[in-house]
1. Can you tell me which of Ile40, Ile19 is over 24 Å from Arg147 (Cβ atoms) and loosely packed, with under 14 Cβ neighbours inside 10 Å?
2. Given (1) part of a helix (DSSP H, G or I); (2) in contact (Cβ under 8 Å) with a residue 24 or more places away in the chain; (3) hydroxyl-bearing (Ser, Thr, Tyr), identify the lone condition not met by Tyr153.
3. Does region 66-73 contain any residue that is over 22 Å from Pro142 (Cβ atoms) and either at pLDDT below 85 or surrounded by 13 or more Cβ atoms within 10 Å (Cβ to Cβ) (or both)?
4. Residues being assigned to a loop (DSSP other than H, G, I, E, B) and either of a type outside the set (Asp, Glu) or modelled with pLDDT under 85 (or both): count how many of those fall in region 118-145.
5. Take region 88-109 and flag every residue that is open to solvent by 30 Å² or more (accessible area, probe 1.4 Å) and either in a helix (DSSP H, G or I) or at positive phi (or both).
6. In this structure, does Val148 turn out to be part of a strand (DSSP E or B), open to solvent by less than 50 Å² (accessible area, probe 1.4 Å) and touching a Gly at 6+ places or on another chain (Cβ under 9 Å)?
Amino acid sequence: KTMPTSEFRVVLPNGEERILNQEYSADFAADGRPTRLFGITQDITERKVAEMELRRSRENLARAQRIAAVGSFDRDLVTGRGEWSDEFLKIWGLTTRPPDEETQQVLASLVHPEDREKFLAGREEAMQNAIPTPVDFRITRPDGAVRVLHREYGVLYDDNGKAIRLFGTVQDITESKAIETELRRSKEDLARAQRIAGIGS
């Protein structure tokens with residue numbers, strides 16, 4: 001009968017701290033009495049340190065993406081499997097991740113009809129071994145909110161020039177776009193007023 005495993009820390013005589021994993025197993029007689037106890041002890045310090053570093057790295061990445069309102073995605077074009085960051089889902093207004101085979105359709109359905117063609121063209125461009133062009137486009141989230149996003153692609157190709165991995169970022173630039181629009185409108189109003197008044201600045 002296999003017993004539960006346990007992880008614990010030990011301090012060696014030289015003061016070094018290590019993390020050990022211990023697993024027990026036991027043999028029992030017909031009446032249920034234990035007759036033999038044996039097990040193994042394994043030093044898993046390096047593995048645990050690597051796991052902690054990976055977790056810390058992911059937490060830092062997630063934190064940075066939240067601050068910058070940037071989400072990331074990565075799709076294996078051979079297997080069809082994809083990974084989206086939590087911030088990516090938040091930017092698109094999605095509470096759950098769609099199945100891998102439906103992600104493109106789900107995202108395209110949220111893109112403004114007038115921007116959908118350039119949204120899809122960027123992906124096709126990347127798949128054809130071309131240099132992907134960054135693109136800004138509007139979306140309507142499931143809750144009805146309209147946002148402006150900026151997307152950039154990166155692509156890996158095999159030796160035959162076939163795209164095998166697609167990755168990139170999406171950033172919510174709604175506020176910065178609104179500021180640009182207001183600044184442009186203000187400049188146009190000023191120019192119009194100067195023409196009417198016959199003055200320059």
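The values are calculated or read from the model by the stated rules, or taken from the named source; none is laboratory data. Here the structure is a predicted model, which is why all the values come from computation and not from measurement. Here the Cβ is made from the backbone with ideal geometry for all residues, glycine too, and neighbour counts use every protein chain on show. The protein model used for the area step is the full one, side chains on, heavy atoms only, and it has no ligands, DNA or RNA in it. Shrake-Rupley method; radii C 1.70, N 1.55, O 1.52, S 1.80 Å.
1. Details: Ile19 fails: loosely packed, with under 14 Cβ neighbours inside 10 Å.
Exactly one of Ile40, Ile19 is over 24 Å from Arg147 (Cβ atoms) and loosely packed, with under 14 Cβ neighbours inside 10 Å, namely Ile40.
2. For Tyr153, the exception is condition (1).
3. To start, the set of residues in region 66-73 that are over 22 Å from Pro142 (Cβ atoms) comprises 67-68.
If we keep only those that are either at pLDDT below 85 or surrounded by 13 or more Cβ atoms within 10 Å (Cβ to Cβ) (or both) as well, we get 67-68.
Yes, the conditions are met somewhere in region 66-73.
4. Restricting attention to region 118-145, the residues satisfying the condition of being assigned to a loop (DSSP other than H, G, I, E, B) are 128-134, 141-145.
Subsequent filtering for residues that are either of a type outside the set (Asp, Glu) or modelled with pLDDT under 85 (or both) retains 128-134, 141-142, 144-145.
Counting residues in region 118-145 that are assigned to a loop (DSSP other than H, G, I, E, B) and either of a type outside the set (Asp, Glu) or modelled with pLDDT under 85 (or both) gives 11.
5. Lys90, Asp100, Glu101, Glu102, Gln104, Gln105, Val106, Ser109
6. Values: part of a strand (DSSP E or B): yes; open to solvent by less than 50 Å² (accessible area, probe 1.4 Å): yes; touching a Gly at 6+ places or on another chain (Cβ under 9 Å): no.
Judged against the criteria, Val148 is not a match.
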